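The values are calculated or read from the model by the stated rules, or taken from the named source; none is laboratory data. Just so it is clear, the structure is predicted and the values come from calculations on it, not from any experiment. Note: ideal-geometry Cβ built from the backbone for every residue, glycine included; neighbour counts use all protein chains shown.
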Amino acid sequence: MIPLRAKRRAINAFNLGMAVLTTAFGVFWLGWILWTTLSHGIGAIHPALFTQDTPPPGSEGGGLRNAFVGSLILLGLALAIGVPVGVLAGTWLAEFAARRKLGGVVRFLNDILLSAPSIVIGLFTYAIVVDPSGHFSAFSGGVALALILIPVVVRTTDEMLRLIPVALREAAIALGTPYWKMVLRITWKAAASGILTGVLLGIARISGETAPLLFTALNNQFWSTDLSHPIANLPVVIFQFAMSPYENWQKMAWAGAFVAMAFILLLSVFSRLILKRGAPK
Amino acid sequence: MKAASSAIAGQPSVMHNGNRSAGKKVRFPADFLFRKLTGFIALLVAITLLAILVALIREGSQALHVFGWRFFTTSAWDPVANQFGALVFIVGTLISSAIAMLIAIPVSFGIALFISELAPRWMRGPVSTAVELLAAVPSIIYGMWGLLVFAPWFSRIEPWINDHIGAIPGLGVLFRGPPMGIGMLTAGIVLGIMVIPFIAAIMRDVFLVTPPALKESAYALGATTWEVARHVILPYTRTAVTGGIFLGLGRALGETMAVTFIIGNSNNLSASLLMPGSSIASVIANEFTEATTDLYRSSLLALGLILFLITFVVLVFAKLLLLRLERGTGKKA
């Protein structure tokens, strides 16, 4: 009996030890990647980064101004398209299709879309926007990012609205409120912080996306705010600069990566905090 | 009474339904509009997947038409000679994802077990957040880090792998090659790190909802923590755990930027995992804007179609498994 017990205990200790080690392993990579971005990026941060445009290959100086602004424009476009579509679709799922079969199907397809490879979304946008219009454009980049944002917003809107107690809805309806007004004034209001969190998480998700921009927004070495032309954007510039042999470009890629990473991580942490505070207990 | 109600539930009368919707329409026309508008947009979102499929088939049809089934089975990828075959990229995608899963599954299981069973309460939150942040890191940063930091470091390990694992007869073929740092194995490892958070998050969530009564019964019989995990928690959550694994696989298959940085971008098939390779996503990312002929572009879009179909099947399977668990817990709750 004793050897068996000892053996079981040894297996237990070994496997639990492994669980601790694997956790350390996972956290280790996060630490390493954070440290790399921080140590390489922070030295490359200087004011010119935000006031000058991307330098030509092999030259010194320059900044990432056009890339930052381009990324913000793309983000704005994606939000302008993605948020209304996502919120309305999510509203239908939660308010009108909560127990309907069709609602389940839509929810299922939306979840698949949520995990679909972003490069495929890029190819799709190329096929429906870039190819018919004949040229790469900032607009198509915004569409591609919106397609990635939409399922995130749909899902959180749906989940957050379904958390709102039915009694709240019934109270409004009992007072004679039209359904649409009840949704706008009562349920949306009650779920506002949750929906906002979904949008913030969506922004965090799309602001690092590179693959769908490669053949939609493309890139632009110069300052441009024209939606019908290719536009500089941070992820593609980082990609191009990091893969290049020029030291100045590589340094700038690290600076860009640091800014992107800081932005995304802060956004993720911040939206989690909102979610935690707003969650019904 | 019973018969009447079941008749209504099974086969709603026209009167019953008609009355309800007609009443709504008369009272608030805006309600009808609001309902139709949101419904229309929701359907639009749902048919996006179908639209993606149709668009990719249409755009890739030229390549599929010219090469037929050979497109899937030949490995020649020669833009100059206008010869395109997808085999190298399909194999590259599958192998890099397989390596990723070999790393990610045990590590995710360990992390989930640690968070749900071992960690003191105060540690759960921070460790969970750290793992979730690993998912928030954009893939381009994984790629940069992989190429400029991890690969140089890994190239110093590779001679050791060469000498020791490469010396094993049979299996060793996979681990022989020049210590370049980049290549199929590196891409697989980085992919593995990238999908850990997705799998670990699902495993953690389902481990945490395993009924305490089940676990406590096993503990009461004298089971060790590991035995409870292995013989109680894992069987109870098996469906969802499999679903989580397939969700991670779906991510790994379609991951683009990180792989593009570190897989080495070689269009040749190689027996060794230390050699550079290519995946479907990486070749599309690298070559799409350079594709000058229609057939070249169509071939790349056909590659996109293959990737979409593979990930679609994997993701549908994953979601179906996860849905089964949701339904189960829904009933119990």
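Couple of notes before you dig in:
- Filter result for A:Arg107 (outside any helix (DSSP H, G or I) and basic (Lys, Arg)): no
- Considered as a group, the residues in segment B:143-153 that are surrounded by 24 or more Cβ atoms within 10 Å (Cβ to Cβ) and within 7 Å of chain A (Cβ to nearest Cβ) include one that is farthest from B:Ile193 (Cα to Cα), and that residue is B:Met144.
- Spans of helices (runs of 4 or more DSSP H) in segment B:154-267 with at least 2 residues surrounded by fewer than 24 Cβ atoms within 10 Å (Cβ to Cβ) and within 21 Å of the chain's Cα centre (by Cα): B:184-208, B:234-254
- Taking segment A:182-222 as the range and being within 13 Å of chain B (Cβ to nearest Cβ) and out of contact with any helix residue (DSSP H, G or I) (no Cβ under 8 Å at 6 or more places or on another chain) as the test, only A:Leu184 passes.
- Exactly one residue out of A:Leu4, A:Leu16, A:Leu38, A:Leu49 is within 11 Å of chain B (Cβ to nearest Cβ), assigned to a helix (DSSP H, G or I) and aliphatic (A, V, I, L, M), and it is A:Leu16.
- Hey, A:Leu30 modelled with pLDDT under 90, within 14 Å of another protein chain (Cβ to nearest Cβ) and either assigned to a loop (DSSP other than H, G, I, E, B) or over 30 Å from A:Phe222 (Cα atoms) (or both) or not: no
- Total residues in segment A:109-129, condition in contact (Cβ under 8 Å) with a residue 40 or more places away in the chain, among the hydrophobic types (A, V, I, L, M, F, W, C) and surrounded by fewer than 22 Cβ atoms within 10 Å (Cβ to Cβ): 2
Residue by residue, here is whether (1) assigned by TED's automatic domain parsing to the domain that holds A:Pro230; (2) touching a Ser or Thr at 6+ places or on another chain (Cβ under 9 Å); (3) closer than 25 Å to B:Ser282 by Cβ; (4) touching a residue at least 12 places away in the same chain (Cβ under 8 Å) holds:
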site: A:Pro132; (1), (2), (3), (4): yes, no, no, no
site: A:Leu175; (1), (2), (3), (4): yes, no, no, no
site: A:Lys181; (1), (2), (3), (4): yes, no, no, no
site: A:Gly198; (1), (2), (3), (4): yes, yes, no, yes
site: A:Ala204; (1), (2), (3), (4): yes, yes, yes, yes
site: A:Leu214; (1), (2), (3), (4): yes, yes, yes, yes
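- The single condition among (1) touching a Leu at 6+ places or on another chain (Cβ under 8 Å); (2) more than 11 Å from every other protein chain (Cβ to nearest Cβ); (3) part of a helix (DSSP H, G or I) that A:Thr54 does not satisfy is (3).
- Any hit, segment A:23-42, residues being over 26 Å from the mean Cα position of the chain (by Cα) and without any contact (Cβ under 8 Å) to a residue 12 or more places away in the chain: yes
- With respect to being part of a helix (DSSP H, G or I), within 23 Å of A:Gln221 (Cβ to Cβ), among the aliphatic types (A, V, I, L, M) and without any contact (Cβ under 8 Å) to a residue 12 or more places away in the chain, A:Leu88 falls outside the description.
- Checking A:Val69 against (1) among the hydrophobic types (A, V, I, L, M, F, W, C); (2) surrounded by fewer than 24 Cβ atoms within 10 Å (Cβ to Cβ); (3) within 11 Å of chain B (Cβ to nearest Cβ); (4) farther than 23 Å from B:Leu37 by Cβ, the condition it does not meet: (3)
- Selection count, segment B:48-80, where residues are touching a residue at least 24 places away in the same chain (Cβ under 8 Å), more than 12 Å from every other protein chain (Cβ to nearest Cβ) and polar (S, T, N, Q): 2
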